[in-house]
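The values are calculated or read from the model by the stated rules, or taken from the named source; none is laboratory data. Worth saying up front: this structure is predicted, and the values here are computed from it rather than measured. Here the Cβ is made from the backbone with ideal geometry for all residues, glycine too, and neighbour counts use every protein chain on show.
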Amino acid sequence: MALRRPETYDYRLLQAEPRHLDEIARIEAESFRVPWKREFFESELLESFRYARVLTRPDGPPPVVGGYLFAITLYDEFHINKIATDARLRQLGYGRMLLEDALARARGVRAAAVTLEVRVTNAPAREFYRTYGFREAYRRRGYYQDGEDAFAMVLPIDPSLTVETTFFRR
């Protein structure tokens, strides 16, 4: 599955703000079987060490918010908690814009690795992350509220590290 770059970058990346929450919650509810509540996103905006970005387009046809990414820096890891794009904008490269922005941030804070969880049944997402060099480090049994397992995926940023040294050196 080859993903295209956006033909036009009519969306731009901005820091997520409370005014974006309704659209973030809408995309979340349309994208995930067990969505985060709007209040959880709201609390994420107030916490330190969080990285919250939205793709937004103030002018033009809907959607105004085309996607979002929420992440946290913990010690030497940059962990992506949520990433999603509006269904109308999928396969156009906007998810890549969000992920590449997050990877740049991870390098900027000198993270040793970028981590995330993905449903074992979500083969398209797992393949998407693999195109960036993420590897499935291990399986988290019953990780999601509905009981489905997740793969913890890792992308070492420091070239001297491997998935194994990133996760098992502590």
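Restricting the first member to segment 67-82 and to residues that are over 18 Å from Val54 (Cα atoms), and the second to residues that are in a strand (DSSP E or B), the beta-carbon pairs closer than 7 Å and six or more apart or on different chains are Glu77/Ala113; Glu77/Thr115.
Contact map, segment 103-128: first residue under 16 Å from Phe70 (Cβ atoms), second residue aromatic (Phe, Trp, Tyr) and part of a helix (DSSP H, G or I), Cβ cut-off under 8 Å, separation 6 or more or different chains; pairs are Leu116/Tyr129; Val118/Tyr129.
For Tyr94, the test of being crowded, with 19+ Cβ neighbours inside 10 Å and either touching a residue at least 40 places away in the same chain (Cβ under 8 Å) or of a type outside the set (Asp, Glu) (or both) is passed.
Quick check: is even one residue across segment 62-71 out of contact with any strand residue (DSSP E or B) (no Cβ under 7 Å at 6 or more places or on another chain), at pLDDT below 95 and either β-branched (Val, Ile, Thr) or not assigned by TED's automatic domain parsing to the domain that holds Gly133 (or both)?
Yes, the conditions are met somewhere in segment 62-71.
Of the residues screened, Tyr143 is one that is aromatic (Phe, Trp, Tyr), closer than 24 Å to Ala25 by Cα, out of contact with any Ser or Thr (no Cβ under 7 Å at 6 or more places or on another chain) and not assigned by TED's automatic domain parsing to the domain that holds Phe32.
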